[in-house]
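Heads up: the structure comes next, in C-alpha cells.
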Amino acid sequence: MSFEVQFRNVCVDIDKKCILKKVSFDMKPGQLTMVLGANGSGKSTLLKSLAKSVALSSGEIFVNQTDLSSIPLADYAKYRAVLTQQTNMTFQMNVEDIVLMGRYPHFNQVPHSIDLILVEEALVLFELIDFRNRKYDSLSGGEQQRVQFARVYVQIAHMEVGGILLLDEPLTFLDVKHQVSFLHLLRKLVLEKQWAVLMVIHDINLAFNYGDYFLFLKNGSLLAHGLKSEVQKPEMINEVFDMKVRMIQHEEQSFFSY
C-alpha cells in the first residue's frame, strides 16, 4: 500500500499574524519526523495543521493523495491520533476508561472486543497494569503522560500502514528513564506499524538519536529539512536557535555540546 503525507505551500494566519509561511515537505510511513525550532517558530501550529485543528490560510495538505480538507474529521480520527502539549482532565476517571477513550472513534456506546483487546495491550505496553483502576487525577504528571500515550496508541493501534501519530512535546513530564523508554518504544512502533509520525521536540540530541527525518522551523518558515546525514550540522543548529554549538563524536554517536 502506498501512503504519504504531503505539505504543499502551507500557510497559516492566526489573528492576522502569519504563523506558517509556504511550508512544503513529505512524510512517509515507517518514518519518525522530528520538528525542531525555537519557541514561537510555528512548530505546534504545523502539527495542528495536520491534526486538522487549525485552518490553512492557503496551500494544501494531502493524506494518501486526498486533500485533507475533504476528509471528514470523524473518518480522519480513525487513523490519526494527536497528543497535545496540555491534556487537562479535571473530572475523575479511571486510567482504563481514559485509555478506552482512544477507541471512541471506532464504536457507538458499546466497545467491541477488538477495542478491549487493544486497551489491554496498551496497559501492558505502557506499564499501566497496576494503575488501571486508579483515578487519573491521583497520578503524577509523568504517570498521566503515560496514560495519554496509551490513549493515542489505541486510537490507531489497528493500523498497519496508514496510521498518523502527532506528538507535541510528549517528553515534557517524563523523567529521563521514561523519556528514553518512550523513544525506544516509539521507534519500535514506527518500524513495526509503519506509521507516519510527526513529533515536536526540544532536545536536539534526543531528536537526532531517534529521528529519521528532520524539519527546522524559524519564524514560521521551513529553514531546512532532510535526513540526519543532511542536516545534523552545527551551523544548522546555530542558525535555527541563534546559539553556538559544536559537534562531538563519541564512538559511533555524534552529539551537540552547548
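Relative intensity of region 139-186 on a log10 scale, I(q)/I(0) at q = 0.17, 0.25 Å⁻¹, equals -0.52, -1.00, per a Debye sum over C-alpha point scatterers of equal strength in the absence of solvent. Listed by chain and number, the aspartates and glutamates placed with their C-alpha closer than 20 angstrom to that of Lys52 are Glu4, Asp13, Asp15, Asp26, Glu60, Asp67, Asp75, Asp168, Glu169; residues fewer than eight positions away on the same chain are left out. A cut-off under 11 angstrom between Cβ atoms defines the neighbours of Leu116, and their net charge, with Lys, Arg +1 and Asp, Glu -1, is -3.
Between Val245 and Asn238, the built amide H atoms are under 5 Å apart, and every one of these is 5 or more places off in sequence or on another chain.
In the chain, the longest principal axis of the Cα atoms and the axis of helix 176-193 are about 80 degrees apart. Panel values: the chain, Kirkwood radius from alpha carbon pairs, Stokes-Einstein at 20 °C and 1.002 mPa s, translational diffusion coefficient 112 µm²/s. On the beta carbon distance between Leu116 and His202, with R0 = 30 Å, the FRET formula returns roughly 0.25. In the chain, the DSSP beta bridges split such that about 60 percent are antiparallel, to the nearest 5. Here the contact order of region 68-144, divided by its residue count and restricted to Cα pairs under 8 Å and six or more residues apart, works out to 40 percent. Just to confirm my numbers, what's the Cα centroid distance between region 97-139 and region 9-54 in Å? If we compute the Cα centre of each part, the gap is 30 Å. Here Glu192, Glu60, Glu252 are placed in order of increasing Cβ neighbour count within 10 Å, fewest first, which gives Glu252, Glu192, Glu60. Only helical runs count toward this figure. For the chain, summing -39,500 (n - 2.57) over DSSP H runs of n ≥ 4 and dividing by all residues gives -9500 deg cm²/dmol at 222 nm. Determine, at each q value in 0.14, 0.20 (inverse angstroms), the log₁₀ of I(q)/I(0) that the Debye formula gives when each Cα of region 39-122 is one equal point scatterer. Log-scaled intensity ratios, in q order: -0.66, -1.06. Contact order for region 125-201, expressed relative to its length and based on alpha carbon pairs under 8 Å spaced 6+ residues apart, stands at 35 percent.
Exposure proxy for His158, His112: other Cβ atoms within 10 Å of each Cβ, ordered fewest to most, give His112, His158.
Rounded if a/c is under 1.5, else prolate if a/b is larger than b/c, else oblate: which is region 18-165, with a ≥ b ≥ c the root eigenvalues of its Cα gyration tensor? Judged from the Cα gyration tensor, region 18-165 comes out prolate (a/c at least 1.5, a/b above b/c). Going by a ≥ b ≥ c, the root eigenvalues of the Cα gyration tensor, does region 135-253 fall in the rounded group (a/c under 1.5), the prolate group (a/b larger than b/c) or the oblate group? Verdict is prolate for region 135-253. In percent, rounded to a whole number, the relative contact order of the chain is 27, using alpha-carbon pairs under 8 Å and six or more apart.
Where a number appears in this text, it was derived from the coordinates with a stated rule and is not lab data. Please read these numbers as outputs of a predicted model, since none were measured by experiment. Reconstructed Cβ throughout: ideal geometry from the backbone, glycine too, with neighbour counts over all protein chains shown.
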